[in-house]
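S.K.: So that we are looking at the same thing, I have put the structure below in structure tokens.
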Amino acid sequence: MDNKILVVNPGSTSTKIAVFQDRNQIFLINIKHSQEQLSHYNRIADQFEFRKQTIIEELEKSQINVLSMNIIVGRGGLLKPIEGGVYFVNQAMINDLHNPMGEHESNLGGLIAKEIADYIGNGAQAIIVDPTCVDELEDIARVSGMPELPRKSLLHTLNQRAVARTYSREINRAYEDLNLIVAHMGGGISVGAHCKGKIIDVNNGLNGDGPFSPERSGGVPIGQLVELCFSGKYSKGEILKKIKGAGGLIAYLGTSNAIEIEKRIENGDKEAELIYTAMAYQVAKEIASLSAVLKGEIDGILLTGGIAYSKMITDHIIERVEHLGPVHVYPGENEMDALASYGYMVLNNEIEPKVYS
């Protein structure tokens, strides 16, 4: 008997949902939410009832019976640091998603999954997979140089690991036997060292670490940042916005649109060319630094995320790092397929979900 899998992937102004029948996708839609709709909610967690109802209505409109779903797979959120894998959405997780480690739309994934599973009843399960808070860092990677500020693991775990497993299958090797460096390049950029199935080091692409990205500052000169904070020119909120939301390409060029920037470069904009290639330069530096973490034993360097569609960016990175190991490009994000595949494995008893506590 075919199993039905509902995948829920909340974004900042949209909710992407998909329905799979076993491994086959039979429905996909990206539901857009206007700023006017979302402005009624003070916190992201407060949106979950609205988004849940929108999902159910969209399924009904497409003549898909939500009650036929066997498992709901949600994108994971900013929970306590946990090891990677699949987790049941339990009450402890619900409590923490209502009071998360940080505000992020991914926090809605588990809340919506559990709410819909409870609505369905009949043994429907709710799970999340590889949330951004996955922490598999080695102790040495946590040391920052300032005891009050240990380095933290926050990354694009789901897509990094999905791409790593895809590459492993392509070369007929087990992911758990490989050393890989994976660079996810989207609105934020995270570059992870995958050592025998664990992500043992990674830049915190959310809060100002590693390469700058389309909308984030990345690591900046600390002393100068402190001077800026106490200059009296900016509030705490404005500084945080410079770090995440209005940093990187937006700060320099006024846009985060890679297509627009590349057109400007083609038309002779030297400033755009400098800043755009500087982003690639910093990604290459981050990759090279992780080669030391893996002691030079690298089975593959994988470039992924939306920016990986840019040949200008990937060519620049490849030129600087190909001496370290084979480089492969996987443009875009395969999050929906990845989430669904884990739902399939849970339903077929190929994976036993972990319990969050």
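The values are calculated or read from the model by the stated rules, or taken from the named source; none is laboratory data. The structure displayed is predicted, hence computed values, not measured ones. Because the Cβ atoms are built from the backbone with ideal geometry, glycine has one as well, and the counts that use them run over all protein chains shown. Surface accessibility is based on the protein's heavy atoms, side chains included, excluding ligands, DNA and RNA. Shrake-Rupley method; radii C 1.70, N 1.55, O 1.52, S 1.80 Å.
S.K.: Only one of these is of a type in the set (A, V, I, L, M, F, W, C) and more than 19 Å from the chain's Cα centre (by Cα): Leu67, Leu108, Leu79. Name it.
M.R.: Leu67
S.K.: Can you name every residue in the stretch 41-60 that is polar (S, T, N, Q) and assigned to a helix (DSSP H, G or I)?
M.R.: Hits for the stretch 41-60 are Gln47, Gln53, Thr54.
S.K.: Still on this model: I need a count of the residues in the stretch 68-95 that are open to solvent by 30 Å² or more (accessible area, probe 1.4 Å) and farther than 14 Å from Val7 by Cα.
M.R.: 8
S.K.: Test each condition in (1) more than 20 Å from Lys354 (Cα to Cα); (2) in contact with an Asp or Glu (Cβ under 8 Å, 6 or more places away or on another chain) for Lys80 and report the one that comes out false.
M.R.: (1)
S.K.: On to the next question. For residues in the stretch 312-343 being open to solvent by 30 Å² or more (accessible area, probe 1.4 Å), modelled with pLDDT of 95 or more and assigned to a helix (DSSP H, G or I), which is nearest to Asn257 (Cα to Cα)?
M.R.: Met312
S.K.: Could you list all residues from the stretch 28-40 that are surrounded by fewer than 14 Cβ atoms within 10 Å (Cβ to Cβ) and part of a loop (DSSP other than H, G, I, E, B)?
M.R.: Passing the criteria: Ser34, Ser39, His40.
S.K.: Can you give me the ranges of the strands (runs of 3 or more DSSP E) entirely in the stretch 161-259 with at least 2 residues that are within 26 Å of Tyr276 (Cβ to Cβ) and within 20 Å of the chain's Cα centre (by Cα)?
M.R.: Once the strands (runs of 3 or more DSSP E) in the stretch 161-259 are filtered for at least 2 residues that are within 26 Å of Tyr276 (Cβ to Cβ) and within 20 Å of the chain's Cα centre (by Cα), what remains is 179-185, 189-195.
S.K.: Only one of these conditions is not met by Ile181: (1) out of contact with any Phe, Trp or Tyr (no Cβ under 7 Å at 6 or more places or on another chain); (2) open to solvent by 10 Å² or more (accessible area, probe 1.4 Å); (3) among the β-branched types (Val, Ile, Thr). Which number is it?
M.R.: If we test Ile181 against (1) out of contact with any Phe, Trp or Tyr (no Cβ under 7 Å at 6 or more places or on another chain); (2) open to solvent by 10 Å² or more (accessible area, probe 1.4 Å); (3) among the β-branched types (Val, Ile, Thr), just (2) comes out false.
S.K.: Restricting to the stretch 282-308, and then to whatever is touching a helix residue (DSSP H, G or I) at 6+ places or on another chain (Cβ under 7 Å) and free of Cβ contacts under 8 Å to residues at least 60 places away in the same chain, can you tell me which residue is most open to solvent (accessible area, probe 1.4 Å)?
M.R.: Checked the stretch 282-308; the qualifying residue most open to solvent (accessible area, probe 1.4 Å) is Ala288.
S.K.: On the basis of being under 29 Å from Ile200 (Cα atoms) and polar (S, T, N, Q), does Asn90 make the cut?
M.R.: So Asn90 passes the test.
S.K.: Quick check, is Lys244 within 21 Å of Pro150 (Cβ to Cβ), open to solvent by 50 Å² or more (accessible area, probe 1.4 Å) and modelled with pLDDT under 95?
M.R.: When the stated conditions are applied, Lys244 passes them.
S.K.: Could I ask something else about it? Quick one: Ala113 ticks every box in (1) open to solvent by 10 Å² or more (accessible area, probe 1.4 Å); (2) touching a residue at least 12 places away in the same chain (Cβ under 8 Å); (3) of a type outside the set (Ser, Thr, Tyr) except a single one, so which number is it?
M.R.: Single failed check for Ala113: (1).
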